[in-house]
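> What follows is a structure written as structure tokens; I'll ask about it next.
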């Protein structure tokens, strides 16, 4: 009955769409990604429709067609995901999932965590897209699989791996605010050794005084297949940037500057132990140096992170898949203002996936973490995927999660415009969700999910003086909080040339002690997009709506609508023209109070492929 109702609602659109002929099936599946293999939701390779939890995928082709410059921009249209930009390109950009703070969003690169133990959040402006295969976004608690910081969800950036056809891409873009964007990527195979290399440089003057930025990024991936499922993959990365820090318009800082250097190395090894089992080992290390120069002094931080993990998986004929693993994480921070601090954690996790002929897929996961500062924690998760009928599916899950306070939460000083609290407690959340997925033939997909998170000891930074009359300092508090809402996404292929996407997030967030909203969380966020393709040309129009939201001062930031256009044209087999216009109506808006966003920005460039 439910499927018939939805069919009637979509009938006017489907009437004008082309029938799903067999020869068109592949293109339609590519658009809807129904059969894409993902790993983030369960740590094993599963079809997207079979993966537990709410999972979204952004692939390399979408990134290239849109000209996105970092991972935060690439995923900002996903329902439930909120990108917290504070200015033009090069300025800090964070991401929240389902109203949970950016520190509660775990970011992985090839399954290895990259969140800073110093500040918790990841600056997405430093995560270039030059060498990615896809980005998987798991919404909802995932500490049962990934440990600390996965309260809101997980963003897993997966780099390119195997190379079958050598390629060389060169791209150059120029845009508003004297923005220059240069990119180079090369893929080759040398006697079975796959090489993917990507380098880029981004420079901009910015729209405000002292908002200029210059960054250089390098990523190298090496992969070797000894035999089927016996693989070795290495990732080497480097990033260096310098930028102005203009501050808020209320307290501008026209002379403050920031330099950031990042270097990382990761190693993934997969060894098949039998036809039905394998062992995976991950080793990862990274070093971050942050130098923040103010008129009143300098903050120099050096952070070193080391991560290791081993997992064993046994597949009982696809009916029952068992995974067990251990991991360890060690972090050292040395800073001239906060001093030296270190922390380590050890973990054990297990998962069992039971698949009853594809109709019922039950997943049970649990993880035990032992932290050197906060002791032990245990987090379970249970998920069920029920395929009611062909194209009709229900997903539900329940789990707990946690986030440890960052070094900044604990030890920040007044010289950093924030005062930490050494007695802060870690966050602990209990969450559940239920979702419905509908596939109407091969031309429409509807996904909707209700979620609820109850958080004990939620860590929220609040201004000491909300009016900023006597103080600009912020300090963290443990509060009781709740977030709940509904995410809805609709994709329709109207014809072979026209595709439409609509996404809506209804979100309620509450400080349960005061019954006030948590700051910077819009109650409604809407994304609409239409793409038209013809003769190797693509025209896309999208719009975004943000509802009103509470700011740190207690005032409400007004809602706004932005409109964007992008155009891709294949001039020759090797040459592609890419043009984009952001905020073409020049809407005045702020995502963070007193940090105005740019008006209309235009970008145009050429991409050469060989």
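The values are calculated or read from the model by the stated rules, or taken from the named source; none is laboratory data. Everything numeric in this text was worked out from a predicted model, so none of it was measured. Cβ sites come from the backbone with ideal geometry, for glycine too, and all protein chains shown count toward neighbours.
> Which condition breaks for residue 439 when tested against (1) more than 30 Å from residue 533 (Cα to Cα); (2) more than 22 Å from the chain's Cα centre (by Cα); (3) touching a residue at least 60 places away in the same chain (Cβ under 8 Å)?
The one condition residue 439 does not meet is (1).
> Check 303, 334, 298 and return the single one that is under 23 Å from residue 420 (Cβ atoms), more than 29 Å from the chain's Cα centre (by Cα) and either in contact (Cβ under 8 Å) with a residue 40 or more places away in the chain or part of a strand (DSSP E or B) (or both).
298
> Continuing with the same structure: What about residue 484, is it within 14 Å of residue 98 (Cβ to Cβ), surrounded by 17 or more Cβ atoms within 10 Å (Cβ to Cβ), modelled with pLDDT of 95 or more and in contact with a strand residue (DSSP E or B) (Cβ under 7 Å, 6 or more places away or on another chain)?
yes
> Moving to a separate point now. Which residues, taken from segment 209-233, are assigned to a loop (DSSP other than H, G, I, E, B) and within 19 Å of residue 596 (Cβ to Cβ)?
Once the filter is applied, which keeps residues that are assigned to a loop (DSSP other than H, G, I, E, B) and within 19 Å of residue 596 (Cβ to Cβ), segment 209-233 yields 209, 210, 211, 212.
> Okay, moving on. When the residues of segment 356-375 are narrowed to those that are touching a residue at least 40 places away in the same chain (Cβ under 8 Å) and in a strand (DSSP E or B), which ends up surrounded by the most Cβ atoms within 10 Å (Cβ to Cβ)?
Step by step, filter segment 356-375, then rank; the result is 367.
> Taking segment 313-345 only, how many residues are within 30 Å of residue 52 (Cα to Cα) and either surrounded by 15 or more Cβ atoms within 10 Å (Cβ to Cβ) or touching a helix residue (DSSP H, G or I) at 6+ places or on another chain (Cβ under 6 Å) (or both)?
Residues in segment 313-345 being within 30 Å of residue 52 (Cα to Cα) and either surrounded by 15 or more Cβ atoms within 10 Å (Cβ to Cβ) or touching a helix residue (DSSP H, G or I) at 6+ places or on another chain (Cβ under 6 Å) (or both): 10 in total.
> Additional query: I'd like to verify a number: residues in segment 462-506 that are in contact with a helix residue (DSSP H, G or I) (Cβ under 8 Å, 6 or more places away or on another chain), assigned to a strand (DSSP E or B) and within 20 Å of residue 592 (Cα to Cα), how many?
1
> Still on this structure: If I filter segment 245-253 for residues that are within 18 Å of residue 408 (Cβ to Cβ) and either in contact with a helix residue (DSSP H, G or I) (Cβ under 7 Å, 6 or more places away or on another chain) or in contact (Cβ under 8 Å) with a residue 12 or more places away in the chain (or both), do I get at least one hit?
Yes; the residues of segment 245-253 include at least one that is within 18 Å of residue 408 (Cβ to Cβ) and either in contact with a helix residue (DSSP H, G or I) (Cβ under 7 Å, 6 or more places away or on another chain) or in contact (Cβ under 8 Å) with a residue 12 or more places away in the chain (or both).
Conditions (1) part of a strand (DSSP E or B); (2) surrounded by fewer than 15 Cβ atoms within 10 Å (Cβ to Cβ), marked per residue:
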position	(1), (2)
235	yes, no
239	yes, no
249	no, yes
255	no, yes
268	yes, no
274	no, yes
279	yes, yes
290	yes, no
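> Sticking with this structure for a sec: Provide a single number: the residues in segment 507-538 that are closer than 23 Å to residue 564 by Cβ and assigned to a strand (DSSP E or B).
Of the residues in segment 507-538, 14 are closer than 23 Å to residue 564 by Cβ and assigned to a strand (DSSP E or B).
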